[in-house]
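What follows is a short report on a single structure.
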Amino acid sequence: MNPKALHLLEFPKIRERLGACTSFSAGRTLALELEPSSDYQTVIAGHEACAAAGVLLEMRPNFALGGVRDIRPAADQANLGGMLTPEQLQDIRATAAGGRVARRTVEQAQDRLAPLWRTVHLIPDCRDLELEIERCIGTRGEVLDGASPALAHLRQRVRQAHDHLTERLRELLNSNRGRTMLQEPLITLRNGRYVVPVKADFRGEFRGIVHDLSSSGATVFMEPLETLDLGNAWRQLQLEEEREVERVLRSLATLVGEYAADLGLMVRLLAGLDLALAKAKYSRQINGATPHLTPPPSQRPGAHPGTLRLVEARHPLLTGEVVPTSLELGGDFSILVITGPNTGGKTVALKTVGLLTIMAQAGMQVPADKESVFPIFQDV
């Protein structure tokens, strides 16, 4: 349809409100890009999905696509050989879980939710990927010890090396030399190395490596030479741990790459379900109903274009006490004259006819009595 007509009739505002009812970005994108269709079957399919989504929300008021994200960019990145962060992997796991839950929920009532089940049943099974990410990545985005035997062993050695190093430093703090030369009995980190605060006057006598100075210059943060080898061993094990973590992440990214096509399909199907649910939620906000839709004359040989009938219709963007509009156009006459004083509602009536027609052809329920009738128009 003419974009200017959609703008003048404020359909973009309807799309914005519809987008606010979606659960994740891919669904919101579909809502913001929603266009009315002049294909009768497409319009009917949209209304059937919206009505089924309303039934689903009645059956499961708390149902939502929790945790679902548009993970297609991450899946494509993995498919091209890129590495993924733990946070990206968590989003993929949550999306796979959300798709599995959505599919199972609709399946349990597929006889009542047939319009949704026709597409939702195509959501791929990514349970193996979901479980592998869950085994390796924790809820806070950390790579778990159990991700690999090597990682568990390295982390144990890192803890042992750390304990050995800090124990030796505490011995230094409690020694006579430490009580004399140190500013306070404190162990701290500078540039990834453990240091102690040495009084500036003893800088030349304390054997160690300078890593930092206090702002006043009275304290020198030094790594004792006697713990240097212990610090090096600890750091070396940390680097080995980091390399093993990277290997685990690369392995998971490779697995995600193998599922990239399935994950892309899953997001597209979940976005469609999200749009249907958003339509149902928005319909509740405007007290909407599914109108009668008349097939175009091409599908009804010998028939006239059809009658447009609004019964107790309300403009969806108006607030407060809205006076409903009822009118009929077509059939015995094709011209309707609307008269009245200024601010009497003539423009609102015109806009209500146009906007509700667009909404109906976009597969959205309209704020009017269910006895309202809309033909399918090529343009408005």
### Task
Could you run through the range 317-348 and say how many residues are of a type in the set (Gly, Ala, Ser), under 39 Å from the mean Cα position of the chain (by Cα) and closer than 25 Å to Ile376 by Cβ?
0
### Query
Just to be sure, is Ala313 small (Gly, Ala, Ser), crowded, with 18+ Cβ neighbours inside 10 Å and more than 19 Å from Gly54 (Cβ to Cβ)?
yes
#### Entry: Unique residue being assigned to a helix (DSSP H, G or I), among the charged types (D, E, K, R) and either in contact (Cβ under 8 Å) with a residue 60 or more places away in the chain or closer than 23 Å to Gly257 by Cα (or both) when the list is Arg112, Arg157
Arg157
## Note on the structure
Leu169 vs (1) surrounded by 12 or more Cβ atoms within 10 Å (Cβ to Cβ); (2) within 49 Å of the chain's Cα centre (by Cα); (3) in a loop (DSSP other than H, G, I, E, B): all pass except (3)
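Rundown of residues vs (1) over 30 Å from Arg72 (Cα atoms); (2) assigned to a helix (DSSP H, G or I), yes/no style:
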position	(1), (2)
Asp212	yes, no
Ser216	yes, no
Glu223	yes, no
Ala233	yes, yes
Gln236	yes, yes
Arg250	no, yes
Gly257	no, yes
### Message
I want to confirm something. Restricting to the range 184-238 and keeping residues that are in contact (Cβ under 8 Å) with a residue 24 or more places away in the chain and open to solvent by 80 Å² or more (accessible area, probe 1.4 Å), which single residue is farthest from Leu172 (Cα to Cα)?
### Response
Arg235
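Residue-wise test of (1) touching a Pro at 6+ places or on another chain (Cβ under 9 Å); (2) open to solvent by 70 Å² or more (accessible area, probe 1.4 Å); (3) within 30 Å of Glu205 (Cα to Cα); (4) not β-branched (Val, Ile, Thr).
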site: Val101; (1), (2), (3), (4): no, no, no, no
site: Ala109; (1), (2), (3), (4): no, no, no, yes
site: Asp128; (1), (2), (3), (4): no, yes, no, yes
site: Glu132; (1), (2), (3), (4): no, no, no, yes
site: Val158; (1), (2), (3), (4): no, no, no, no
site: His162; (1), (2), (3), (4): no, no, yes, yes
#### Entry: Test result for Asp332, of a type in the set (Asp, Glu) and at pLDDT below 90
yes
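Which one of Leu144, Leu165, Leu154 is modelled with pLDDT of 95 or more and touching a Phe, Trp or Tyr at 6+ places or on another chain (Cβ under 7 Å)?
On the way: Leu144 fails: touching a Phe, Trp or Tyr at 6+ places or on another chain (Cβ under 7 Å); Leu154 fails: touching a Phe, Trp or Tyr at 6+ places or on another chain (Cβ under 7 Å).
Just a single option satisfies the conditions, and that option is Leu165.
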### Task
Those residues that are in contact with a helix residue (DSSP H, G or I) (Cβ under 6 Å, 6 or more places away or on another chain), surrounded by fewer than 14 Cβ atoms within 10 Å (Cβ to Cβ) and either of a type outside the set (A, V, I, L, M) or in a helix (DSSP H, G or I) (or both), I need them from the range 330-380; list them, please.
Gly340
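The values are calculated or read from the model by the stated rules, or taken from the named source; none is laboratory data. Note that the structure is predicted; figures quoted are calculated from it, not measured. With ideal geometry, Cβ positions are generated from the backbone for all residues, glycine too; neighbour counts draw on all protein chains shown. To get the accessible areas, we keep the full protein, side chains included, count just its heavy atoms, and leave off ligands, DNA and RNA. Shrake-Rupley method; radii C 1.70, N 1.55, O 1.52, S 1.80 Å.
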